[in-house]
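Just so it is clear, none of the values below were taken in a lab; they were calculated from the coordinates. Everything numeric here is computed off the predicted structure, so don't read it as measured data. With ideal geometry, Cβ positions are generated from the backbone for all residues, glycine too; neighbour counts draw on all protein chains shown.
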Amino acid sequence: MTMSLPTLPPLPGLPDLDAQVRSIPSASFDIDRVKGVVEALIVPYLKPTHVTEVRQNRSTGAPFILEYDEQFSATALERAKAAPRRVGLTFTHSDSMPDRMGYGVELRDSTAEGGAVMTWQLYRDTLDRSVELLTTTHDGMSLTFRTLRPQFGTEQPGQLVTREAVHLFSVAATDDPQYTDTRVIALRERAAILEAEQQRTQQRADQYVEGLLLLRTYGRELSPAQVDYLAEHGHPAPTS
């Protein structure tokens, strides 16, 4: 049911009325207090939660309360998965630089966690403060996003709304959570992430070398850059 609030004044200076916020309390932590990265389950998939929002009537500007149930599908965050660095970890939705805790490294689906897991690199100059906040008062994760499908404003009172596509702006550490069943999974050393990235890079390099050697075996002419690449990896051109 939609309830009008005629006694409230118009809402002045509202930024971006179709930007929505969902907060998720943290259930547990596994913290390694070193310079590292933080992982969190930022949203569960297909798990409804009740939402109460203050909206504005687009014709009159009068505020009203809208209540409905909401869940996120596994396709909802595809845009953010393609560009995780755009999704920062912030302190209570503040956009100021001192309140930015880190930048996105990866966003992936987790079958074990039942939703989307985000990884951030924490900034070194504010690492101690960030770890303290994440392990004490601000142990919830809160999303700021714009819904793309279904379109903002199409939600109906009492409806179950499935977010199929959203544009994720940021995730904040908050002390006022709303969404349930997600948590910070780990805060771990950056060296482990770099080692894994180096291993993947080496695997790709080895596969490329194998492909070039196969071409050479079949008498295919390689470009100068490919010849140099093989030489750098221990396979100089045979001398006649």
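Listing for the model above:
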item: Calculated FRET value between Glu106 and Asp176, using beta carbons and R₀ = 25 Å, to 0.05; result: 0.40
item: Amide H contacts under 5 Å for Tyr45, placed H, 5+ residues apart; result: Gly115, Ala116
item: Length released on extending from Thr136 to Leu213, taking residue separation times 0.36 nm less the Cα-Cα span; result: 22.2 nm
item: Rounded FRET efficiency, nearest 0.05, which uses the C-beta distance separating Ser223 from Thr49 and R0 of 51 Å; result: 0.35
item: FRET efficiency, Arg85 to Arg129 (Cβ-Cβ, R0 25 Å, nearest 0.05); result: 0.70
